[in-house]
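K.L.:
The structure's right below; bear with me while I get my questions together.
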Amino acid sequence: MTHLSQTPRVGVVMGSDSDWPVMLAAAEALAEFDIPHEVQVVSAHRMPQEMLEYGTSAAERGLSVIIAGAGGAAHLPGMLASTTPLPVIGVPVQLKTLDGMDSLLSIVQMPAGVPVATVSINGARNAGLLAVKMLAANTDDDALRLREALTTFSADLKDQAQAK
Ligand code: RP5
């Protein structure tokens, strides 16, 4: 499914529908900054051909960043990172066993040369915000818009911290 009408800039993918309650926060963060994005289930283990196709076609389809969430033996972010020149942000999804440590370690401990930017366990909101910052690092007009929006966002965070 695709959210917002323009060509997606960010792909939000996950290993199972069951990851969506966590991964929703990434999509919400992107929507807050009006970033066109798509959401899809692409399991590394249960649909490897689709996963390969997703990774190898992502850049030519216009994506700039991929956010990938998975739980347990969470190989999806790393496998996608091995198939695309785009930056991949990994979200370790907490399952009922092992407190999400298995997901975290599966994603964070990548071999040199195949980086995945790993956020905290269930840290999908930060994954979305990190994708926004990656897009804001460009030099196009939309990046300028995002930098201004992020400046306002950070000022709001400061106000919220001081209001406590
Ligand atoms: C992983 O297995 C998925 O990312 C999910 O976190 C976990 C459990 O999947 P389901 O059994 O709920 O489909 O591949």
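Please treat every number below as a calculation from the coordinates, not as lab data. Everything quoted here is computed from the prediction, not taken from an experiment. Glycine also receives a Cβ, built like all others from the backbone with ideal geometry; neighbour counts cover every protein chain displayed.
K.L.:
Where in the range 58-94 is the amide nitrogen less than 19 Å from a point lying 7 Å along the Cα-to-Cβ axis of ARG46?
P.N.:
The answer is 68-80, 91-94, whose backbone nitrogens lie closer than 19 Å to the label point.
K.L.:
Could you work out how much longer the chain between ALA161 and GLU60 gets when fully extended? Use 0.36 nm per residue separation minus the Cα distance between them, nm to one decimal.
P.N.:
Details: separation 101, 0.36 × 101 = 36.36 nm, distance 4.10 nm.
Stretched out fully, the ALA161 to GLU60 stretch lengthens by 32.3 nm.
K.L.:
Using a Gaussian network for the chain with springs between C-alpha atoms less than 10 Å apart, which of these wobbles most: GLN94, GLN49, GLN40?
P.N.:
For the chain, modelled as a Gaussian network with Cα springs under 10 Å, the answer is GLN49.
K.L.:
For every other residue with a beta carbon closer than 15 angstrom to the beta carbon of TRP20, add +1 if it is Lys or Arg and -1 if Asp or Glu, then tell me the sum. Please report the intermediate quantities before stating the final value.
P.N.:
Working: positive: ARG125; negative: ASP17, ASP19, GLU28, GLU38.
Residues near TRP20 contribute -3 overall.
K.L.:
List the residues whose amide H sits under 5 Å from the amide H of ILE67, counting only those 5 or more places along or on another chain, with H placed 1.01 Å from N in the peptide plane.
P.N.:
So ILE67 has HN proximity to GLY11, VAL12, VAL13, ILE89.
K.L.:
Here is a further query. If each residue's Cβ is checked for other Cβ atoms within 10 Å, how do VAL132, VAL10, VAL108 rank with the fewest at the top? Mind showing how you got there, number by number?
P.N.:
Details: VAL132 23, VAL10 27, VAL108 16.
Result, fewest neighbours first: VAL108, VAL132, VAL10.
K.L.:
Output ³J(HN,Hα) for the range 99-111: one whole-Hz value per residue in order, computed from phi by the Karplus curve 6.51 cos²θ - 1.76 cosθ + 1.60 with θ = phi - 60°, and x for Gly and Pro.
P.N.:
6, x, 5, 5, 5, 4, 5, 5, 8, 7, 8, 7, x
K.L.:
Using modelled amide H (1.01 Å from N, peptide plane; none on Pro or chain starts), what sits under 5 Å from the amide H of GLN94, excluding residues fewer than 5 places away?
P.N.:
Distant-sequence amide H within range of GLN94: ASN122.
K.L.:
Another question, if that's okay. Name the most mobile residue of ALA124, ALA143, ALA112, meaning the one with the largest mean-square fluctuation, in a Gaussian network model of the chain with Cα contacts below 10 Å.
P.N.:
Answer for the Gaussian network model of the chain: ALA112.
K.L.:
Checking the cross-link filter: which aspartates and glutamates have an alpha carbon closer than 14 Å to that of LYS164, excluding same-chain neighbours under 8 positions apart?
P.N.:
Correct list for LYS164: ASP156.
K.L.:
Quick one: length gained pulling ALA137 to PHE153 fully straight, 0.36 nm per residue minus the C-alpha distance? Could the numbers behind the result be given before it?
P.N.:
Values: separation 16, 0.36 × 16 = 5.76 nm, distance 1.59 nm.
Gain in length upon complete extension: 4.2 nm.
K.L.:
Could you work out the local net charge near ARG46, counting Lys and Arg as +1, Asp and Glu as -1, over the other residues with Cβ closer than 13 Å to its Cβ?
P.N.:
On the way: positive: none; negative: ASP17, ASP19, GLU50.
Charge balance near ARG46 sits at -3.
K.L.:
First select every other residue whose beta carbon is under 15 angstrom from the beta carbon of ILE107; then total the charges, Lys and Arg +1, Asp and Glu -1. Spell out each step's value before the answer.
P.N.:
Details: positive: none; negative: ASP19, ASP99, ASP102.
Neighbourhood net charge equals -3.
K.L.:
Between ARG145 and LEU24, what is the FRET efficiency for a Förster distance of 22 Å, r being their Cβ-Cβ separation, to the nearest 0.05?
P.N.:
Numbers: r = 24 Å, r/R0 = 1.10.
The calculated FRET efficiency here is 0.35.
K.L.:
Could you tell me how far the Cα centroid of the range 8-42 sits from the Cα centroid of the range 104-126, in Å?
P.N.:
Distance between centres, Cα-based: 16 Å.
K.L.:
Here is a further query. Just tell me which lysines come within less than 23 Å, Cα to Cα, of LYS133; anything on the same chain fewer than 8 places away is out.
P.N.:
Within reach: LYS158.
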